[in-house]
Structure formats: structure tokens, C-alpha cells
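Encoded as C-alpha cells, the structure appears first; notes follow it.
The values are calculated or read from the model by the stated rules, or taken from the named source; none is laboratory data. As the structure is a computational prediction, the values presented were derived from the model and not from experiment. Neighbour counts run over all protein chains shown; Cβ positions are idealised from the backbone, glycine included. Accessible surface areas use protein heavy atoms only, side chains included; no ligands, DNA or RNA. Shrake-Rupley method; radii C 1.70, N 1.55, O 1.52, S 1.80 Å.
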2 protein chains.
Amino acid sequence: MTNKLADIISQIQPIDPAWRAKAQARLDNLTKPPGSLGRLEEVAAQYVAIREELFPLLKKKKVVVFASDHGVVAEGVSAYPPEVTFQMVYNFLRGGAGINVLARHVGAAVEVVDIGVNHEFQEAPGLISRKVAPGSRNLAREAAMSQDQALAAIMVGVERAQAALDEGVDALAAGDMGIGNTTPAAALAAVFTGRPPAEVTGRGTGIDDAALNHKVAVIQRALDLHCPDPQDPLAVLAQVGGLEIAGICGLILGAATGRRPLLLDGFIATAGALVAAALAPAATGYLIAAHRSVEPGHRIMQEHLGLKPLLDLDLRLGEGTGAALGFGLLEAGLKIYAEMATFAEAGVSEKEA
Amino acid sequence: MTNKLADIISQIQPIDPAWRAKAQARLDNLTKPPGSLGRLEEVAAQYVAIREELFPLLKKKKVVVFASDHGVVAEGVSAYPPEVTFQMVYNFLRGGAGINVLARHVGAAVEVVDIGVNHEFQEAPGLISRKVAPGSRNLAREAAMSQDQALAAIMVGVERAQAALDEGVDALAAGDMGIGNTTPAAALAAVFTGRPPAEVTGRGTGIDDAALNHKVAVIQRALDLHCPDPQDPLAVLAQVGGLEIAGICGLILGAATGRRPLLLDGFIATAGALVAAALAPAATGYLIAAHRSVEPGHRIMQEHLGLKPLLDLDLRLGEGTGAALGFGLLEAGLKIYAEMATFAEAGVSEKEA
């Protein structure tokens, strides 16, 4: 691992449970039975502990969508043609995609980062151009990228987190766009959770049974080829990962160094979290699992990370759409924490002994 | 059943699946894999079918909180003293309760209806005074109310739905406040689902094991005393119900007659839905189960009604808090439906054959 990455990782502090306890003490004084707002109370206390302030604000929210292409689409693992990646980037920039709609709904900004799209964008105002390579290589036949490229893509994510912090962003979300990217995500899930490909591989955008069996076989072939070692996360990322997954990993590390929560979207974003957690276990304290995807491997990933999703709405779009919805719930929890009356303020009797 | 109630029920039309199909056809044309926004797509299509308009607005949202007291608290079934009911009504009116915070978060109005609180409210601006009785009687020893009172309380709910419609409200939510009210709700669950009290009774605001066993025994005693007949829902409501539960039942019927969705909160609101569905099965098409409560009987009720909750956040506060969060998701689904670009508009390639 290089010095730059080691330096970022060394700045990540574990969450202090004393701050959670301080937040819970206030929550228990509010006019409701203790704990009766369940997960809303938990995320509020987590946010207080992340920010280490008794009444932290949550104003500016941003979803960073990393887009890249995947050489493994040559194996026929996706229901959509690869040009959809760049077409959807234009859709994001024009505001017509799912993530644009849901980010507007929760009052979050959307930033789109070309970290590896196989397309030369013309007239794409708003696009953050950080192309590390025009897509990954075919992980079933060779390493998806070099370790230098993997590192460069992680550092793009770190940089975007730091740019967001400089703008005063209070909470970040990670999203993805990349036709074919459930294949590297499933491969990473298999490596880091130790489960066989068949258990962590799903239908992505909607392949049929035959294509699903083929996708599992492609992933198994990649694992047999690379023999990835989960103790060397950067090497694993280079062997079977993807550029947008590396960017998400970096965004997580950058958010954690800056003491900001990172709302995780679905299967792809959580694959990035597996790499981030392998590099820096303390980073998981800054993660909020916004939802549980339809992809069967998502539950396995979340359990491995010790994360419980807020939503379970049968989503499988990616882009950060589930994470955007999570912002609404995090904000709800914080408003409960900050705005509800206490028993004393409201003159309400407490629980009988 | 009286003519007034029969008249309301006769106005409720079943949801037309052709409208759902029209909505789904548009959803399938948007720039995302078909069905990939899961439950958000389902609630959007349900809303279109309820409103029977291709692009229905969702602007005005209202939570109606019905408050009442319960004679059964004399049996020691609650962790909180009964005066908390009226104290919390004041808290609602001052804006300091959980429902106030979450309704503000989603841009919904809150209306508080005294339908049976055992307290004479002084200086309570904003309170809708519709007291049918100063609380129910002790259902473990006698009928909770007369059938005339049950009917009057239902008609209060119908009237509040109609008042909301007159104000141009697009979607309603039902909430409750009433110390002791998980006991009648569990009794109603036992009657309408046919399950034994031990399976549908929970800890409410937080009673211990001994009190829980006692609560189950109290409910069993009530069932043995009244022998409620689920074929006669109004009689069941009078025997083992509560005034706020009757109000919620009426709000559901009124929303359905006016073709407006009703977001159901937790255990108490869903007990009202059991009565409404027994009176008018077509009303269930207008219900959106916003969340699944910690109360173990809630899942059983929802399965009986064929409702799948949007959220599962370990909530157990009531007041309409879970329903308010549901407004946020319904609105997200409708914005997806109305605002996302189609494949043709965005120039994005469709799925390969």
C-alpha cells in the first residue's frame, strides 16, 4: 500500500461510544416511550457520534455517482448494452434519471464523476472528469486494472469527499453507474465474505436463468484465475473490481477521515464498502446502510459488515437511489432528536416504576 | 348497521386494475430496468389507480390523530398513567411530539381530534372536539362502548375525512393517542384474524413479562365475556374496541369514498383497518401500510389484510409517526413516476432481447 493511502487510513478514528450514549440520554428524555422510535433513534445517535457535536446540523447532502465501464461485459453478463453507461451519464447531467428525482426529493445535490467510462464526453457541463482508464479490462481473463489504477481511482473518491467537505457537505452518499458492474461486485463479495459465487450473484438489471448460471461461472473462472487474497484488499480490487467501486471505496475513506456519514446504496456501493472496511475497519462506523437490494448477495455483504439496512423496498437500480431515500430517514431521526419536546418541557408524566 | 354507515360503505368502489396497468406501462418506459424501483413503483401505481388520473398531484397531506382513553387501564395493562393521553394532546397542539416533528419533515398537516379523552380541555386552540364519551369502559368487565357510540365515533372519522377532502387534501394518514390502546387493538386482532391473544399481544409502551402475561389474560377474559362475532364488526368494535380505533375506521371509510389513499400507521391504526375491512372489503385497496411495528400482532394483522409494509424501522410510538414517514416514500414513488425521463426522451438504449 502506498504512503498516500496509508496516510488517509491512519486519519480514520473509531466512533466513540460515549457520544452515542450522550445522544441516547437525550432521546430517552423526549416525550415517547424509550426506544420507541427504533432505527430513527439509532441513526440519530450514530450521526451525533460521527460528528462529535451534541446538536450537529444536517443541511448539505450530496450524492456522488461514479460511472465506469467493465471489460467483463464481453462475457455476456448484462441485459443491457455497454453504451447505456455513457447514455445514462448524459441522463444524470440533464436531471432525468432516478437518482436526480430522488435526490431532489430529499434536497441533496448530485455529482457525477466519470472515473472510467468508455466514451469521450462532449459538452457535458457539470461532469467531473477523472477518467482513470476507459473502462476496466475483462476480469475473467486478466486483472480488471493495475494496482496503480486501483489506487488512483480510490484517490479520486478521497478527493471528491474532501471537495464535498470543503463545500460544507454534512453527509455523503455513494452511487454507481456501470453496465456489467454487478459482476465485479459479486466477485468482491465472494472474496471478502468467503462465500461461493453462486450465493452472492444475482440477476443485476434482469438476466434470465441461463445468463445467471453463466455469470456465476464467469465469476468462478475469475476467482480461479486470480486466486485473490482478502488480506491484500488493493490487489483484490485490481484483480476483480471496477473503477467506480474503487471510487466509492475512496469516497468512504474520505468521508470517514472528515467525520461525515456515508450513506451506502445497494450491491455495488456495498462492494466498495467491503474494500474500504478491509483497508480500514474503523471506516464501518461511518457507514449507514440505506437499503437492502433485491440482489441476494447484498444481505451477505451487509451481515459481513455488521450493517442493518434502513429500507427494504425491493430496489435494484443503483445510482445512489436507495441512499438518497436514506437521507430522508437520517434527517427524520435527527429532527426527532433535536426538535421533540422533553417530558419536563411538555409536562407529560413519565413511565410508572 | 345503520343507514348512514351503509350509505358510506356503498360508495366505496374497488380499485380498477386497468389503472394500475396504465401506470405500470409508463413506469416500464422510464430510464431504469423494469421494476427496479420495487415498492416505489408499486405505491405510485396504486396512487394512480386510487385517483383514477394519469398524472395525479400529491400536494396536500394530512395526518389525523384521534385521541381517547380506555377503561381497561384499570386492569393495569399499561406502563404509563392514563393522564398521559391528555398531556400528549397538549403536546401535539404545541407541536412538540414525535408526530409533529415527522409531519413537518414530510410537509404534512396534523389534526388532533378529541374523540374520547377523559379530560375537559381548556384553551386548546386547534383541537377538534368530537368527544363521543370521556373514554371507553373497561372491556374486560363490560362492553367498551354502546353500538351507538361506536357508530358515532366511526362517523366522526368519516366527517374528518370529508372535511379533509373539502380542503383539497390528496392523501390522509391515521394516527392514535390513547394510553391502554394496544389492549383493545390486540383484542380486535384476535377476533378478526382468529388467532389466540398470546400471539397478537405485545408490550405496548414497554411492560415487563409479568404484565404482558396479565395483559394476555385480560384480553382472553374479555373475549370469553363478549364472545365477539367477526361477522358483526360494529358489535365487535363496541365490545372490545376503542373510540380512537372507531375514528380511524371511519377515516379509512371516508378516505375510500373520496378516492384518497390512507396511510396506515402501526398496531392501533391497523386495528381500525381490520374493522373497516370487515365492514367494507373494498376499502383495503385504498390502504398503504406505511410500516411494520415492533408489536408482534402487527405482522399478523397486515397479512390478514394482504398489506406489505413500506418500512420496518422497529417503531412502536403510534401517533401516526410511521405513517408520516410513509408519505415521504409515496411522494418519492410518484415523483419517479412523473419526473423521470423515458428511454426515448433520454436517448438511452433499451434492454437487449
Might you let me know whether segment B:10-17 holds any residue that is in a loop (DSSP other than H, G, I, E, B) and assigned by TED's automatic domain parsing to the domain that holds B:Glu142? no
Members of segment B:319-331 that are more than 8 Å from chain A (Cβ to nearest Cβ) and touching a helix residue (DSSP H, G or I) at 6+ places or on another chain (Cβ under 6 Å): B:Glu319, B:Gly320, B:Ala324, B:Phe327, B:Leu330
Restricting to segment B:312-353, what's the tally of residues that are in a helix (DSSP H, G or I) and within 14 Å of the chain's Cα centre (by Cα)? 7
Touching a strand residue (DSSP E or B) at 6+ places or on another chain (Cβ under 7 Å) and in the same structural domain as B:Asp148 (by TED's automatic domain parsing): which single residue out of B:Ala277, B:Ala235, B:Ala273 fits that description? B:Ala273
Among (1) away from every other protein chain (no Cβ under 14 Å); (2) open to solvent by less than 10 Å² (accessible area, probe 1.4 Å); (3) of a type outside the set (D, E, K, R), there is one condition B:Ile9 misses while meeting the rest; what is its number? (2)
Checklist (1) modelled with pLDDT of 95 or more; (2) open to solvent by 10 Å² or more (accessible area, probe 1.4 Å); (3) in contact with a Phe, Trp or Tyr (Cβ under 9 Å, 6 or more places away or on another chain) applied to B:Gly126, failing item: (1)
Every residue in segment B:15-32 that is among the aliphatic types (A, V, I, L, M) and free of Cβ contacts under 8 Å to residues at least 60 places away in the same chain, please. B:Ala18, B:Ala21, B:Ala25
Exception for A:Gly202 within (1) open to solvent by less than 10 Å² (accessible area, probe 1.4 Å); (2) under 21 Å from A:Gly254 (Cα atoms) falls at (2)
When you look at B:Ala109, is it farther than 19 Å from B:Ala324 by Cβ and either open to solvent by 10 Å² or more (accessible area, probe 1.4 Å) or touching a Pro at 6+ places or on another chain (Cβ under 9 Å) (or both), yes or no? no
Matching residues, segment B:95-110, being at the interface with chain A (Cβ under 9 Å from one of its Cβ atoms) and under 20 Å from the mean Cα position of the chain (by Cα): B:Ala97, B:Gly98, B:Asn100, B:Val101, B:Leu102, B:Arg104, B:His105, B:Val106
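Does at least one position in segment A:61-84 carry a residue that is within 19 Å of B:Gly98 (Cα to Cα), open to solvent by 10 Å² or more (accessible area, probe 1.4 Å) and away from chain B (no Cβ under 14 Å)?
No; the residues of segment A:61-84 include none that is within 19 Å of B:Gly98 (Cα to Cα), open to solvent by 10 Å² or more (accessible area, probe 1.4 Å) and away from chain B (no Cβ under 14 Å).
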When segment A:312-335 is checked residue by residue, the ones that are open to solvent by 20 Å² or more (accessible area, probe 1.4 Å) and farther than 12 Å from A:Leu40 by Cβ are A:Asp312, A:Asp314, A:Arg316, A:Leu317
Answer with yes or no whether B:Met340 is more than 26 Å from A:Glu331 (Cα to Cα) and crowded, with 24+ Cβ neighbours inside 10 Å. no
From B:Gly272, B:Gly254, B:Gly297, B:Gly247, residue being touching a residue at least 40 places away in the same chain (Cβ under 8 Å), within 30 Å of A:Gly326 (Cα to Cα) and under 14 Å from the mean Cα position of the chain (by Cα): B:Gly272
Given the conditions (1) in a helix (DSSP H, G or I); (2) within 11 Å of another protein chain (Cβ to nearest Cβ), and given that A:Lys32 satisfies all but one, which numbered condition is not satisfied? (1)
Are any residues in segment A:116-166 charged (D, E, K, R) and under 20 Å from the mean Cα position of the chain (by Cα), and if so, which ones? A:Arg130, A:Lys131, A:Glu159, A:Arg160
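Quick check on my filter: what residues within segment A:337-353 are more than 7 Å from chain B (Cβ to nearest Cβ) and either over 30 Å from B:Leu93 (Cβ atoms) or free of Cβ contacts under 8 Å to residues at least 60 places away in the same chain (or both)?
Of everything in segment A:337-353, those that are more than 7 Å from chain B (Cβ to nearest Cβ) and either over 30 Å from B:Leu93 (Cβ atoms) or free of Cβ contacts under 8 Å to residues at least 60 places away in the same chain (or both) turn out to be A:Glu350, A:Ala353.
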For segment B:282-311, which positions are open to solvent by 10 Å² or more (accessible area, probe 1.4 Å), part of a helix (DSSP H, G or I) and not aliphatic (A, V, I, L, M)? B:Thr284, B:Gly285, B:Pro296, B:Arg299, B:Glu303, B:His304
With the condition kept exactly as written, say whether any residue in segment B:182-190 is of a type in the set (S, T, N, Q) and over 30 Å from B:Val48 (Cα atoms). yes
Here is a check on your reading of the model: is B:Gly35 without any contact (Cβ under 8 Å) to a residue 60 or more places away in the chain, under 30 Å from A:Tyr90 (Cα atoms), open to solvent by 10 Å² or more (accessible area, probe 1.4 Å) and out of contact with any Gly (no Cβ under 7 Å at 6 or more places or on another chain)? yes
Single unsatisfied condition, B:Phe92 versus (1) within 16 Å of B:Ile248 (Cβ to Cβ); (2) open to solvent by 40 Å² or more (accessible area, probe 1.4 Å); (3) within 14 Å of another protein chain (Cβ to nearest Cβ): (2)
Is it the case, given these coordinates, that A:Val101 is in the same structural domain as A:Gln147 (by TED's automatic domain parsing) and either closer than 30 Å to A:Ala144 by Cα or in a loop (DSSP other than H, G, I, E, B) (or both)? no
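Can you report the number of residues in segment B:40-60 which are crowded, with 18+ Cβ neighbours inside 10 Å and part of a loop (DSSP other than H, G, I, E, B)? Show your work before the answer.
Step one: list which residues in segment B:40-60 are crowded, with 18+ Cβ neighbours inside 10 Å, which gives B:40-51, B:56, B:58.
Narrowing the set further to residues that are part of a loop (DSSP other than H, G, I, E, B) leaves B:56, B:58.
Summing the residues that are crowded, with 18+ Cβ neighbours inside 10 Å and part of a loop (DSSP other than H, G, I, E, B) in segment B:40-60 gives 2.
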Please find, within segment A:273-302, the residue that is farthest from A:Ile154 (Cα to Cα) out of those that are within 14 Å of chain B (Cβ to nearest Cβ), in contact with a Phe, Trp or Tyr (Cβ under 8 Å, 6 or more places away or on another chain) and of a type outside the set (Gly, Ala, Ser). A:Glu295
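I need the full set of residues from segment A:61-80 which are part of a loop (DSSP other than H, G, I, E, B) and at pLDDT 95 or above, in order please.
A:Asp69, A:His70
Pick out the one residue from A:Arg260, A:Arg316 that is more than 8 Å from every other protein chain (Cβ to nearest Cβ) and among the basic types (Lys, Arg).
Result of the check over A:Arg260, A:Arg316: A:Arg260.
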Return the total of residues in segment B:248-281 being in a strand (DSSP E or B) and under 19 Å from B:Leu5 (Cα atoms). 1
Restricting to segment B:96-133, name every residue that is over 23 Å from B:Ala246 (Cβ atoms) and among the polar types (S, T, N, Q). B:Asn100, B:Gln122
Of the candidates A:Leu334, A:Leu305, the one satisfying the condition of being under 27 Å from B:Gly206 (Cβ atoms), more than 7 Å from every other protein chain (Cβ to nearest Cβ) and of a type in the set (A, V, I, L, M, F, W, C) is A:Leu334
